[in-house]
Amino acid sequence: MFQYADADYQPGTLIYHHPEHFYRKAPGISASEVKVFANECPAHYHHRFLGEPVIRAESTAMVLGSMVHCLVLEPDEFDRRYLAQPTPGEQDLVTVPHLKAWLKHHNLNQAGSKSELTERILQHDPDAPVWSVMKEKRQQAKQKTVKPDLMEQARCMADSVLNTPQARWLLGEGEAEVSVWGQHEETGLLLKCRPDWLRKEICIDLKTCACSGPRQFGQDFLKFGYELQQAHYISTLTSAGIEIEVFAFIAVENEAPYVTQVYLLDNQGIEAAFRRWNTIMNSLAECQTNDSWPGYATGETELTLPKWYYQQYAAEIE
């Protein structure tokens, strides 16, 4: 398999069909790194991205999101990546009584532990439907095994996206998961991004969410730093010579009726996000130059109680 070196990732580089694990290990500051630096603190950034590699368990929500992305953006890859968790069939040998019944039917010794019974069966017939063996073989396969209900949920979400006219049009042409490298003009920092979908002058990001309504998704938009992600992607792509006129977010709900909504950030929001992103990039460069990664604030910090506290406990604090 071809191996990439750091020299392969220069500003202006575009790589199609670039394996995700290569992208994650490649040099360059990603949108995820920017969001950690901005919404947590430099110390967290240093721990996550500059210290020893942190192995994070993949949550069910993350698996679901990856499945939906694959079904919508790379459907031909889905069966290669995912496998529905199998359930025993009527003929499968699951329990000790099942194993013993099979051995009795074949006039073989029925004494011993479950592992001994299994070994005896396989010696007689290597293709016998011993459930524990079949299950282990599936787990060793390259596909990620997921529960059938989660797979059905992902398919419903993907169908919603592809049946929504605006989303279907946006995804009607273009390329999925293109890895791109650019450079921050003021600091010279190497940037990288991996748009979900890239077509001429349009960048598209697919988001799974609890609610795709304007109010709730608007809250998620800021909570998860999507405005910074947009600024980072557009800046990286522009630096690489790709002009983006439209940045669209496709939001799909993770529960029935799986409503899909397409969002565009308004011009005022875009300008504010770019200014904040640029400030963050300069601060990050300063931390790198000084090799100083502070926490949330220096010295003592004063906390202010919210207005609702004084309203709710007015009688007790007067």
Check: How about the range 261-318: which of its residues are in contact with a Phe, Trp or Tyr (Cβ under 8 Å, 6 or more places away or on another chain) and loosely packed, with under 10 Cβ neighbours inside 10 Å?
Finding: I317
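Results for (1) touching a residue at least 24 places away in the same chain (Cβ under 8 Å); (2) part of a loop (DSSP other than H, G, I, E, B); (3) in the same structural domain as M62 (by TED's automatic domain parsing), shown as yes or no for each residue.
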{"position": "L198", "(1), (2), (3)": "yes, no, yes"}
{"position": "D205", "(1), (2), (3)": "yes, no, yes"}
{"position": "Q219", "(1), (2), (3)": "no, no, yes"}
{"position": "H232", "(1), (2), (3)": "yes, no, yes"}
{"position": "I242", "(1), (2), (3)": "yes, yes, yes"}
{"position": "F247", "(1), (2), (3)": "yes, no, yes"}
Note to self: Which residue is modelled with the highest pLDDT, if the candidates are limited to the range 60-105 and must be of a type in the set (S, T, N, Q) and farther than 13 Å from A154 by Cα?
What the structure shows: T95
Check: Is one or more of the residues making up the range 38-60 in a loop (DSSP other than H, G, I, E, B), under 16 Å from W181 (Cβ atoms), in the same structural domain as A210 (by TED's automatic domain parsing) and of a type outside the set (S, T, Y)?
Finding: no
Checklist line | Residue that is nearest to D205 (Cα to Cα), among those in the range 1-50 that are basic (K, R) and surrounded by 15 or more Cβ atoms within 10 Å (Cβ to Cβ) | finding: K35
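The values are calculated or read from the model by the stated rules, or taken from the named source; none is laboratory data. What you see is a predicted model, and the numbers here were worked out from it, not measured in a lab. With ideal geometry, Cβ positions are generated from the backbone for all residues, glycine too; neighbour counts draw on all protein chains shown.
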